[in-house]
């Protein structure tokens with residue numbers, strides 16, 4: 001899993017990288033086929049924006065959040081991403097449960 005951090009008008013600190021990496025590592029239990037993750041952090045006046053994009057073999061996820069604190073923005077974006085991952089995992093499990101099994105049909109005796 002490759003994680004890319006991009007900062008727009010802000011220096012991405014090691015503490016922010018560690019915080020995001022810790023939360024993203026927990027998501028590997030829901031999404032086992034993660035190709036790469038792109039985290040974009042930006043500051044514009046008093047708005048701190050975090051955008052997280054996750055690319056997997058089967059689908060892509062995107063979440064963003066905006067608050068007055070960078071950690072809060074990153075936390076909210078990761079929460080949204082986790083919700084999306086749970087929903088996708090649930091859909092995968094549900095589709096496997098609804099697969100019809102082969103039915104055996106008894107043939108009527110031929111007279």
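Identify, please: which residue in the stretch 69-80 is closer than 17 Å to residue 8 by Cβ and free of Cβ contacts under 8 Å to residues at least 40 places away in the same chain and is, among those, surrounded by the most Cβ atoms within 10 Å (Cβ to Cβ)?
Within the stretch 69-80, the match that is surrounded by the most Cβ atoms within 10 Å (Cβ to Cβ) is 77.
Within the stretch 81-92, can you find the residues that are touching a residue at least 24 places away in the same chain (Cβ under 8 Å) and under 15 Å from residue 37 (Cα atoms)? Talk me through it step by step, then tell me what you get.
Here is the first cut: in the stretch 81-92, the residues touching a residue at least 24 places away in the same chain (Cβ under 8 Å) are 81-82, 85-86, 88-89.
Result: 81, 82, 85.
If you check residue 48 against the conditions, is it in contact with a strand residue (DSSP E or B) (Cβ under 9 Å, 6 or more places away or on another chain), surrounded by fewer than 16 Cβ atoms within 10 Å (Cβ to Cβ) and free of Cβ contacts under 8 Å to residues at least 60 places away in the same chain? Show your work before the answer.
On the way: in contact with a strand residue (DSSP E or B) (Cβ under 9 Å, 6 or more places away or on another chain): yes; surrounded by fewer than 16 Cβ atoms within 10 Å (Cβ to Cβ): no; free of Cβ contacts under 8 Å to residues at least 60 places away in the same chain: yes.
When the stated conditions are applied, residue 48 does not pass them.
Is it the case, given these coordinates, that residue 63 is buried (at least 17 other Cβ atoms within 10 Å of the Cβ), touching a strand residue (DSSP E or B) at 6+ places or on another chain (Cβ under 6 Å) and over 20 Å from residue 86 (Cα atoms)?
Numbers: buried (at least 17 other Cβ atoms within 10 Å of the Cβ): yes; touching a strand residue (DSSP E or B) at 6+ places or on another chain (Cβ under 6 Å): yes; over 20 Å from residue 86 (Cα atoms): no.
Answer is no for this residue.
Considering only the stretch 33-44, I want to know if a residue exists there that is under 15 Å from residue 81 (Cα atoms), part of a helix (DSSP H, G or I), free of Cβ contacts under 8 Å to residues at least 60 places away in the same chain and more than 12 Å from the chain's Cα centre (by Cα).
Taking every residue of the stretch 33-44 in turn, none turns out to be under 15 Å from residue 81 (Cα atoms), part of a helix (DSSP H, G or I), free of Cβ contacts under 8 Å to residues at least 60 places away in the same chain and more than 12 Å from the chain's Cα centre (by Cα).
Counting only residues that are surrounded by 12 or more Cβ atoms within 10 Å (Cβ to Cβ) and out of contact with any helix residue (DSSP H, G or I) (no Cβ under 9 Å at 6 or more places or on another chain), which one in the stretch 14-34 is farthest from residue 90 (Cα to Cα)?
Only one residue fits best here, namely 17.
None of the figures in this text is laboratory data; all of them are computed from the coordinates on show. For clarity, every value in this text was computed on a predicted model and none was experimentally measured. For neighbour counting, all protein chains shown are included, and Cβ atoms are generated from backbone atoms with ideal geometry for every residue, glycine included.
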